[in-house]
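The values are calculated or read from the model by the stated rules, or taken from the named source; none is laboratory data. In this text, all values refer to a predicted model and were calculated from it rather than measured experimentally. Cβ placement follows ideal geometry from the backbone for every residue including glycine, while neighbour counts extend to all protein chains displayed. Remember, those area values only see protein heavy atoms, side chains included, never the ligands or the DNA or RNA. Shrake-Rupley method; radii C 1.70, N 1.55, O 1.52, S 1.80 Å.
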Amino acid sequence: MSEDLYVVAVMTSKPDRADELRELLIPTTEAFRQEDGCLAYALHEGIKRPGRFVTYEVWRDEAALAAHMVSPTLRAAGPTLKELTETEMEQHLLKTLLQL
């Protein structure tokens, strides 16, 4: 039995590009939610730092995340993501130690 995989990813837009990045992330997030193995996918934006986007994701296992990372939706968005963000996306893979 595999353990769910939790991911937190952080992307920060270039100055004056937050609107464009938001417009890209909303529909791609909706598409990601339909991928096999995606148990949850939420998109957040910083209140004190508009243009900083954080995703909270839950994947069935590492294989589902690996498939997501090469999905047609992510591959199509990749070049535009690079153009709109200041730095590389931070991706943090997490496991549960204590459940609420």
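Filtering segment 76-100 to residues that are over 20 Å from Pro15 (Cβ atoms), in a helix (DSSP H, G or I) and within 13 Å of the chain's Cα centre (by Cα) leaves Ala77, Gly78.
Do any residues in segment 33-51 that are under 19 Å from Leu74 (Cβ atoms) have Cβ atoms under 7 Å from those of residues that are assigned to a loop (DSSP other than H, G, I, E, B), where the two are at least six apart or on different chains, and which pairs are they? Close Cβ pairs satisfying both conditions: Glu35/Ser71; Gly37/Arg60; Gly37/Asp61; Leu39/Asp4; Leu39/Arg60; Tyr41/Arg33. Please name all residue pairs, on different chains or six or more residues apart, with Cβ atoms under 7 Å, provided the first residue is in segment 76-100 and is within 17 Å of Pro27 (Cα to Cα) and the second residue is in a helix (DSSP H, G or I) and open to solvent by 100 Å² or more (accessible area, probe 1.4 Å). As it stands, the answer is none, since no pair meets every condition given. Residues that are in contact (Cβ under 8 Å) with a residue 12 or more places away in the chain, loosely packed, with under 13 Cβ neighbours inside 10 Å and more than 14 Å from Val10 (Cβ to Cβ) do not occur anywhere in segment 54-61.
Restricting segment 3-13 to residues that are under 21 Å from Ala64 (Cβ atoms) and of a type outside the set (A, V, I, L, M, F, W, C), the residue that is least open to solvent (accessible area, probe 1.4 Å) is Tyr6.
Could you please let me know if Gln99 is modelled with pLDDT of 95 or more, open to solvent by 40 Å² or more (accessible area, probe 1.4 Å) and over 14 Å from Asp36 (Cβ atoms)? Here the answer is no, as Gln99 does not meet what is asked.
Being touching a residue at least 12 places away in the same chain (Cβ under 8 Å) and open to solvent by 60 Å² or more (accessible area, probe 1.4 Å) is the filter here; which residues of segment 19-32 pass it? Let's see the steps before the verdict.
Narrowing segment 19-32 to residues touching a residue at least 12 places away in the same chain (Cβ under 8 Å): 20-22, 24-26, 28-29, 31-32.
Passing the criteria: Glu20, Arg22, Ile26.
In segment 6-20, the qualifying residues are those that are among the hydrophobic types (A, V, I, L, M, F, W, C) and in contact with an Asp or Glu (Cβ under 6 Å, 6 or more places away or on another chain), and the one that is nearest to Gln99 (Cα to Cα) is Val7.
Answer with yes or no whether Ala31 is at pLDDT 95 or above, over 22 Å from Leu97 (Cβ atoms) and in contact with a helix residue (DSSP H, G or I) (Cβ under 9 Å, 6 or more places away or on another chain). Steps first, answer last, please.
Numbers: at pLDDT 95 or above: yes; over 22 Å from Leu97 (Cβ atoms): yes; in contact with a helix residue (DSSP H, G or I) (Cβ under 9 Å, 6 or more places away or on another chain): yes.
So Ala31 passes the test.
Consider Asp16 against the criteria (1) open to solvent by 60 Å² or more (accessible area, probe 1.4 Å); (2) assigned to a helix (DSSP H, G or I): it satisfies all of them except one. Which criterion is unmet? The number of the failed condition is (2).
Among the residues of segment 36-53, those identified as open to solvent by less than 40 Å² (accessible area, probe 1.4 Å) and either in a loop (DSSP other than H, G, I, E, B) or out of contact with any strand residue (DSSP E or B) (no Cβ under 8 Å at 6 or more places or on another chain) (or both) are Gly37, Gly46, Gly51.
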